[in-house]
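What follows is a set of notes on a single structure, which appears directly below.
The values are calculated or read from the model by the stated rules, or taken from the named source; none is laboratory data. Since this is a predicted model, take the numbers as computed values, not measurements. Counting neighbours? That spans all protein chains shown, and the Cβs are built from the backbone with ideal geometry, glycine included.
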Amino acid sequence: MREPNKIRIERLHPHAWLWEPLESDATFVLRTMFGTKAVYLDGKLMFCFAAKKELWSGVLVATDRKHHPSLITEIPVLAPHPILSKWLYLNVSSDSFEREAGHLIRLAKRRDGRLGVVPPPKNRRSLRSL
């Protein structure tokens with residue numbers, strides 16, 4: 001039980017400044033997913049913001065593989081994630097991280113069709129067992 005006089009302090013995610021410009025969008029949803037903060041627009045998963053150790057520190061760009069070449073041409077520091085290769089990855093250690101992450105957010109605001117994947121439907125059977 002929580003003590004009534006204790007104040008709960010939540011840590012601010014280090015990449016929160018990136019999704020803040022999207023928060024005013026009526027379709028914006030922020031969820032926790034596998035230790036990341038996942039951003040959805042129009043029901044599509046757009047980005048996962050990761051703040052852990054190497055390989056999980058930066059922005060994972062949810063996109064179809066067919067869009068990888070054009071996005072990498074536009075933002076050369078993007079690369080397929082070493083573990084989750086269906087998505088592109090912008091590593092926080094990149095010298096141009098802030099600029100390129102901002103560029104990705106602007107693409108999302110413009111609803112660039114290369115960004116975002118429709119999440120699979122939830123399995124209703126497993127939801128009933130909860």
Test: Lys53 is assigned to a loop (DSSP other than H, G, I, E, B), charged (D, E, K, R), loosely packed, with under 13 Cβ neighbours inside 10 Å and out of contact with any Cys (no Cβ under 8 Å at 6 or more places or on another chain): yes
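Yes/no matrix, rows are residues, columns are (1) closer than 19 Å to Leu12 by Cα; (2) not charged (D, E, K, R):
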position	(1), (2)
Val29	yes, yes
Lys44	no, no
Val61	no, yes
His103	no, yes
Segment 37-58, subset of a type in the set (A, V, I, L, M) and closer than 16 Å to Thr27 by Cβ, residue farthest from the chain's Cα centre (by Cα): Leu41
Given (1) modelled with pLDDT under 95; (2) out of contact with any strand residue (DSSP E or B) (no Cβ under 6 Å at 6 or more places or on another chain); (3) under 16 Å from Trp17 (Cα atoms), number of the condition His103 does not satisfy: (1)
Residue selected from segment 1-39 under the condition charged (D, E, K, R), within 20 Å of Arg111 (Cα to Cα) and assigned to a loop (DSSP other than H, G, I, E, B), by the criterion modelled with the lowest pLDDT: Glu23
Counted residues, segment 85-95 - those being in contact with a Pro (Cβ under 9 Å, 6 or more places away or on another chain) and either in a helix (DSSP H, G or I) or over 16 Å from Cys48 (Cβ atoms) (or both): 0
Condition check for Val61: at pLDDT below 95, touching a strand residue (DSSP E or B) at 6+ places or on another chain (Cβ under 8 Å) and closer than 21 Å to Gly116 by Cβ: no
Some residue of segment 61-84 being of a type in the set (S, T, N, Q), in a strand (DSSP E or B) and surrounded by 13 or more Cβ atoms within 10 Å (Cβ to Cβ): no
